Amino acid sequence: METEADVEELDLLDDEEDNPLNRKTVAAILYAVDIDDREKLIELMEPLHAADIADLLEQINAYDRTRLVRLYDREFDGEILSELDESVREEVISLLSPQVLAEAVRELDSDDVVDLVEDLEQGQQDAILGALPDADRLAVQQALSYPEESAGRLMQREVVMMPEHWNVGQAIDHMRSNDNLPDQFYHIILVDPRLHPVGNVALGRIMAARREIALADLKEDMFRVIPIDQDEEDVAYAFNQYHLISAPVVDQEGRLVGQITIDDAMIVMGEEHEEDLLLLAGVSESSLTDRVVDTVRGRFPWLLVNLATAILASLVIAQFDAVIAQFVALAVLMPIVASMGGNAGTQSMTVAVRALATRDLTGSNVWRVIRREVLVGVVNGTAFALTMGIIGLIWFGSVRLAIVIAAAMVINLVMAGLAGTVIPIALEKFKVDPALASGTFVTTVTDVVGFFAFLGFASIYLL
């Protein structure tokens, strides 16, 4: 039965009526599981999308997840497996009976099966592959032979291709008589006699044209071919840059072997953006369902690096212990200089990392961007220098102290703009992910420069 902890957990879920997983629905599902009412469970789960069911399985605890999966059993849909987080997916697969698992994976397209099995242990991979028909199993195994995060892993084998000399009538008759068409497709791929793709024809243009019109006359102007070994990040960039809906994938001889559709490309883009966001915070890929030890293992290294850089900044401060001992006001104002520099550096760094990811920052405009960020640092530094100078004068009644903090503020904000742009570019040049390491280096630079400038000026003008 539901415990008090379960109720508190459900309180965290969205309660809005238009949310399929509102608190009442989730509570009703868990109650049906508690009383072992399979018919009621199926009734409650039937309106939910596969993605919503996956979210439900990820949000509830392991005990309830086990009972729900086993009670739901034969109704389990393959799309749910595709939507599940990897950390939960293996657990759910182990709970499904071989017959249910076999039926679930047979419903999936080849690219979804590849995505499903590529991160599983060998035993679970064999169980899923063994449930597939021979032709599908061979296609999945061949896809798994391609490099990870390549177009070969991302593509689906199911394509609709036709000879380039066909007309609209022949295309329509072929589609009507073919029982093996994909459930969803956007284009017909035209091929030459050697199976080299030569163009795409949108279904909408075919339906709007007369039967005698040649398919070659309906080809789209934008047509790009994806090499099978191309990195999936480059694939996603092409889809976003050229507004593609689908694109054929070719092998080393240029023959058509599959296609990539926009939904798969957008998943890659989402994953890349999520990865960059996590790396900017020094956090590796993780899930709310991860174990404590896995979370610690992912975060500890970058906290250790951060400790090392913090010690470096402290060593700079230690060089000026005499001046700090004589002027306590310096200890009060030091964090302001470092904090302003750190925030300004993070702003410039975020813009630079995003521009590198979207390929907007290139060799042709890099110096213009650097100059812009430095000028922004000059303007902001001057404005905040005047502000802090006035505050320092009123607060401590010292003109010299006001000049010291104003000068340090200008220098640190200029350096923040420069470091926040140059460091990500340099890391990209050395084949290091800018999102992974930029934050640590930028913060270190602004802390060290800020403390050195502030305390250095103080030792010159105040002693």
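The values are calculated or read from the model by the stated rules, or taken from the named source; none is laboratory data. Predicted, not measured: the structure shown is a model, and the values here were computed from it. Neighbour counts run over all protein chains shown; Cβ positions are idealised from the backbone, glycine included.
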Residue 123 fails exactly one of the following numbered conditions: (1) part of a helix (DSSP H, G or I); (2) surrounded by 16 or more Cβ atoms within 10 Å (Cβ to Cβ). What is the number of that condition? (2)
Can you pull out the helices (runs of 4 or more DSSP H) entirely within the stretch 2-52 that have at least 1 residues that are over 21 Å from residue 73 (Cβ atoms), of a type outside the set (S, T, N, Q) and at pLDDT below 90? 4-11, 23-34
Any residue at all in the stretch 217-226 that's under 28 Å from residue 360 (Cα atoms), at pLDDT below 95 and among the hydrophobic types (A, V, I, L, M, F, W, C)? yes
Within the stretch 413-456, residues being touching a Ser or Thr at 6+ places or on another chain (Cβ under 6 Å) and closer than 15 Å to residue 378 by Cα number 4
Is one or more of the residues making up the stretch 446-457 aromatic (Phe, Trp, Tyr), in contact with a Leu (Cβ under 8 Å, 6 or more places away or on another chain), within 24 Å of residue 315 (Cα to Cα) and assigned to a helix (DSSP H, G or I)? yes
Scanning the stretch 229-239 for residues that are touching a residue at least 40 places away in the same chain (Cβ under 8 Å) and out of contact with any Ser or Thr (no Cβ under 7 Å at 6 or more places or on another chain), the one nearest to residue 358 (Cα to Cα) turns out to be 237
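Listed here are the residues, each with its yes/no results for (1) closer than 23 Å to residue 305 by Cβ; (2) surrounded by 15 or more Cβ atoms within 10 Å (Cβ to Cβ); (3) free of Cβ contacts under 8 Å to residues at least 24 places away in the same chain.
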| site | (1), (2), (3) |
| --- | --- |
| 356 | yes, yes, no |
| 366 | no, yes, no |
| 371 | no, no, yes |
| 396 | no, yes, no |
| 419 | yes, yes, no |
| 430 | yes, no, yes |
| 446 | yes, yes, no |
May I ask you to verify whether residue 302 is of a type in the set (Phe, Trp, Tyr), modelled with pLDDT of 85 or more and part of a helix (DSSP H, G or I)? no
Which of the residues spanning the stretch 80-103 are free of Cβ contacts under 8 Å to residues at least 40 places away in the same chain, under 29 Å from the mean Cα position of the chain (by Cα) and surrounded by fewer than 16 Cβ atoms within 10 Å (Cβ to Cβ)? 90, 91, 94
For the stretch 320-339, what are the residues that are part of a loop (DSSP other than H, G, I, E, B) and over 22 Å from residue 413 (Cα atoms)? 327, 328
